[in-house]
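Below you'll find the structure, written out as structure tokens, and then a few comments.
The values are calculated or read from the model by the stated rules, or taken from the named source; none is laboratory data. Every value quoted in this text rests on a predicted model; they were computed, and no experiment measured them. Every residue, glycine among them, receives a Cβ derived from its backbone with ideal geometry; neighbour counts consider all protein chains shown. To get the accessible areas, we keep the full protein, side chains included, count just its heavy atoms, and leave off ligands, DNA and RNA. Shrake-Rupley method; radii C 1.70, N 1.55, O 1.52, S 1.80 Å.
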Amino acid sequence: ISPSRGSDTYNLWNQSQILVSGTPAGVAARIDDVVIEGCTFRNNPGVCCLCMGQSNTASTTLGKRWRVVGNRFIENGLDTSDHTSVFGWADDVIFANNEIINSTAYGTVGRVGGVTGYEIHGTNHRIFGNHVKNYYRGMWVSSNYTAECNNSIIAGNIFEVSFYGVDFFGNSSSLTDMKRTIIEGNVIVLDNTLITAIPGAIFKSAINIACEYGVSDVIVRNNWCVKTSASVDSAFI
């Protein structure tokens, strides 16, 4: 999908196997009470495999009660520079015991590969028992234009990644604060690579807070982090 990749230009197109999108009659699309279990999402060249919703409009009603358990997301983001396997634009989500794994790390060739395993963009997300490997980051945590990103639990996961295990992110000060996040019992393994396609990517952190709005009431306990060598700067938080 990126014929100009040779000049470092990549198309940021959704090629999702499951995509909730559109505004029928001016109302953002959503789905409630979704169960996805035992599926394999493989060889996706584009931005997302599973996208629970899309909207940058305030007061949009989000989908609710998603259960995504025991799935495999394998070899995705093959021809784009911004692949997130699961875009959690919904409330009340259980995401458990899934594998999000590529055989090579992001940026091994050009800027393709897995950037983010899972993005929280809603309230009451339960993320536990998952394994993310060879991605730039394990998770993004960010609010959206509708609901605050509150009451997240990130527990018992394995993140074998290049730069960040859990990354609180938001590049707009108009977004709402994030509150009450528990990060507990995770294993975070940071590799020793630098990504030449991203000149500013020179510092690694197991848990990173880099927002333009507030983050409060965060509990971090009983996590284990290791880095494969000491030649690239890093921090636990």
Residue-normalised accessible area of the chain, expressed per residue, 1.4 Å probe, Å²
43
Integer Hz, Karplus 6.51/-1.76/1.60 couplings in order for segment 11-22, x for Gly and Pro
7, 9, 9, 5, 10, 5, 5, 10, 9, 9, 7, x
Provide the gained length on full extension for the span residue 29 to residue 212, in nm with one decimal, where the gain is 0.36 nm per separating residue minus the Cα-Cα distance.
63.1 nm
Could you give me the ³J(HN,Hα) list for segment 158-169, computed from phi with Karplus coefficients 6.51, -1.76, 1.60 and θ = phi - 60°, whole Hz, x at Gly and Pro?
10, 10, 9, 9, 7, 10, 9, x, 10, 10, 6, 9
Over all alpha-carbon pairs of segment 108-237, lay out the pair-distance distribution in 5 Å bins, whole %, shortest bin first.
2, 11, 21, 24, 20, 14, 7, 1, 0
So the carbon and sulfur contribution to the accessible area of segment 1-47, 1.4 Å probe, in percent, is 50
Label-to-label distance, nm, for residues given as residue 67 and residue 222 (7 Å Cα→Cβ offset):
2.5
Count the net charge of all other residues whose Cβ sits under 14 Å from the Cβ of residue 30, scoring Lys and Arg as +1 and Asp and Glu as -1.
-2
How big is Rg to Rh over segment 55-131, alpha-carbon atoms, Rh as the Kirkwood inverse-mean-distance radius?
1.02
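Taking 0.36 nm per intervening residue step and subtracting the Cα-Cα distance, what contour gain separates residue 13 from residue 231 on full extension?
Extending this stretch completely gives an extra 74.9 nm.
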Out of residues 5 or more away from residue 41 or on other chains, whose amide H comes under 5 Å of its own, with H placed 1.01 Å from N in the peptide plane?
72, 73, 74
Taking a label point 7 Å from the Cα of residue 180 along the Cα→Cβ vector, which residues of segment 208-237 have an amide N closer than 19 Å to it?
214-221
Determine, for each peptide in 96-107, 139-150, the mean count of other beta carbons within 10 angstrom over its residues, then list the peptides with the highest first.
139-150, 96-107
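Between beta-carbons, use under 11 Å as the cut-off and find the net charge around residue 226, counting Lys and Arg +1, Asp and Glu -1.
Charge balance near residue 226 sits at -1.
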Quote the relative contact order of segment 26-127 in percent (integer), defining contacts as alpha-carbon pairs under 8 Å separated by 6+ residues.
29
Any cysteine of the chain lacking a neighbouring Cys Cβ under 4.7 Å - listed by number:
39, 49, 149, 211, 225
What is the Cα convex hull volume of the chain when expressed per residue in Å³?
115
Enumerate lysine pairs in the chain that are 8 or more residues apart or on different chains, then count those whose Cα atoms are under 23 Å apart.
4
Calc'd 3J(HN,Hα), segment 105-121, phi into Karplus 6.51 cos²θ - 1.76 cosθ + 1.60 (θ = phi - 60°), Hz, glycine/Pro = x, comes to 6, 4, x, 4, 10, x, 10, 9, x, x, 8, 9, x, 9, 10, 7, 9
